[in-house]
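The structure appears below as structure tokens.
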Amino acid sequence: MAKLLMEQLTKTFDNKAMAVENFNLTVEDEEFIVFVGPSGCGKSTTLRMIAGLEDISSGTFSIDGKKMNEVEPKDRDIAMVFQNYALYPHMTVYENMAFSLKLKGMPKAEIKERVRNAAEILGLMDYLNRKPKALSGGQRQRVALGRAIVRDAKLFLMDEPLSNLDSKLRVQMRTEISKLHQRLKTTTIYVTHDQTEAMTMATRIVIMKDGVIQQVGTPKEVYDQPDNVFVAGFIGSPAMNFFNGRIEGNYFVMGQTKLLIPDSALPEGLDNQEVIIGLRPEHITHKPEKDQSTVEVNLDVVELMGSEYMVYATLEGHSFVGRVDANLNLSAGTVFPMAFEMDKARFFDPTTEKRIK
Ligand code: ATP
């Protein structure tokens, strides 16, 4: 069991601005939580406060109801996996995995069993006698995971564990870590700046910016119902498109362009108000039938992605990207009717950047 509670967690370094501000989060047992956000948003600092590697300036962190603020890192029953693996170069894979158990004074036979179990799970049985320098990046990362697994800790913390791997291996290890979590069910907090990792691995995502949580939700919630422009733009690849304009009756109007908003999607009380609308690339596409939300645009760039094109164009000064079926035979410079699926539009307040609808 490991239920975590973070209440008003705050971190200030020296006299500088707050690195983490009023961080509130409850993590249920067995969850896989991902902290995601741009560089410097405070995700590693938060993780390090949980690990006990960084003092908490104010606020409370507890595990299963026990306040942990003053508890030594070694007594927190947490296993951490770092970006640089932090393996001991002079020890074999076996010794690396066994090290923390030896320190605890665990009997040799039990250490052997635990290390072999972890090595089986991670496909490391053939490498137990090798030193880290004789391993590939992916294998080293597995040893680092193995060191966490053998400890049978309450909580796994992982700080960008895949960022030193090439992109193919990263995708493979991503799946392995997800499978490992399904098998062991250990509560995990995983830090990354990569929204794809967050979307594919998390049970819930915590999106941070400038030390402040922007939204907490399942991957689907943060994708479909982003709380603000930042989250909407950060989650999703290619990113959501944004257009500034105003609502006039049933239309979204920008410059000479008018797009019909279906009644069901029209936000109330915004007639004649400025808004930002957000449309995902998959919602700017091609439809055989033209209607009042179809616009002829000049295609600036057309990228073939296999089964579909990414088409880049500009509308009333706003660059955007849409997705079109590859059967259509498009090229740059073509004037092409793009359908804006306004029933899928998200509406944001241009001042606060919060979502209205
Ligand atoms: P990255 O993805 O680049 O690792 P991050 O989101 O993990 O970024 P943190 O490392 O948590 O961000 O840093 C948050 C803020 O705190 C940054 O502005 C950073 O410069 C500052 N910071 C981090 N560690 C220290 C430190 N030891 N002393 C002073 N400032 C620090």
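Below are the figures for this structure:
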| read-out | value |
| --- | --- |
| Label-point gap, in nm, between Lys133 and Leu304 - each point 7 angstrom along Cα→Cβ | 4.8 nm |
| Cα-projected label distance for Glu316 with Asn84, points at 7 Å along beta-carbon direction, nm | 5.1 nm |
| Helical mean residue ellipticity (222 nm; -39500 (n - 2.57) per DSSP H run of 4+; nearest 500) of the chain | -7000 deg cm²/dmol |
| Protein-only accessible surface order, largest first, of Met97, Met199, Met1 at 1.4 Å | Met1, Met199, Met97 |
| Accessible area per residue in Å² at 1.4 Å probe, computed on segment 3-158 | 49 Å² |
| Solvent-accessible heavy-atom area per residue, rounded to whole Å², over segment 202-310 at 1.4 Å | 47 Å² |
| Where GluC sites (Glu not before Pro) fall in DSSP loop in segment 289-357, at most 10 other Cβ within 10 Å | Glu289 |
| Most fluctuating residue given options Lys185, Lys131, Lys16, as computed from a GNM of the chain linking Cα atoms under 10 Å | Lys16 |
| Three-way shape call for the chain based on the alpha-carbon gyration tensor, with the a/c threshold at 1.5 | prolate |
| Label point distance in nm, Gln8-Val212, each placed 7 Å from Cα along Cα→Cβ | 1.7 nm |
| Euclidean distance of C-alpha centroids, segment 178-210 and segment 32-72, integer Å | 15 Å |
| Gained length - Val171 relative to Lys66, 0.36 nm times residue gap less alpha-carbon distance | 34.2 nm |
| Distant-in-sequence amide H partners of Val297 (H built 1.01 Å from N, under 5 Å) | Phe336, Met338 |
| Rounded, prolate or oblate (a/c below 1.5 giving rounded, otherwise prolate when a/b exceeds b/c) for segment 121-173 by Cα gyration tensor | oblate |
| Global geometry of segment 188-249, whether rounded, prolate or oblate, following the gyration tensor of its Cα atoms and the 1.5 cut on a/c | prolate |
| About the Cα centre, charge dipole magnitude for the chain (Lys/Arg +1, Asp/Glu -1 at Cβ), debye | 1920 debye |
| FRET E, pair Glu120, Gln182, Förster distance 22 Å, beta-carbon r, rounded to 0.05 | 0.85 |
| Additional length obtainable on full extension of the chain from Gln292 to Lys112, 0.36 nm per residue less Cα span | 57.8 nm |
| Zone of Gln273's modelled label, taken as backbone nitrogen in segment 324-357 under 13 Å from a point 7 Å along Cα→Cβ | 347-357 |
| Over 26 Å between alpha carbons, listed pairs Lys179/Lys220; Lys102/Lys133; Lys11/Lys220; Lys66/Lys104; Lys154/Lys179; Lys108/Lys131 | Lys11/Lys220 |
| Counting DSSP beta bridges with both ends in the chain, the antiparallel % (nearest 5) | 75 percent |
| Fraction of accessible area attributable to carbon and sulfur, the chain (%, probe 1.4 Å) | 46 percent |
| Selection of GluC sites (Glu not before Pro), segment 22-108, meeting DSSP coil and at most 11 other Cβ within 10 Å | Glu70 |
| Gain on full stretching of the segment that runs from Asp263 to Ser331 - 0.36 nm per residue minus C-alpha separation | 21.0 nm |
| Karplus 3J(HN,Hα) series, Hz, for segment 327-334 with 6.51 cos²θ - 1.76 cosθ + 1.60 (x for Gly, Pro) | 5, 7, 6, 9, 8, 4, x, 6 |
| Top of Ala51, Ala79, Ala339 by mean-square fluctuation, Gaussian network on the chain, Cα under 10 Å | Ala339 |
| Protection-proxy order for peptides 80-87, 270-277, each taking the mean of Cβ atoms within 10 Å per residue, highest first | 80-87, 270-277 |
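The values are calculated or read from the model by the stated rules, or taken from the named source; none is laboratory data. Worth saying up front: this structure is predicted, and the values here are computed from it rather than measured. Positions of Cβ are generated from backbone atoms using ideal geometry, with glycine treated the same way; all protein chains shown enter the neighbour counts. Surface areas here come from the heavy atoms of the whole protein model, side chains and all, with no ligands, DNA or RNA. Shrake-Rupley method; radii C 1.70, N 1.55, O 1.52, S 1.80 Å.
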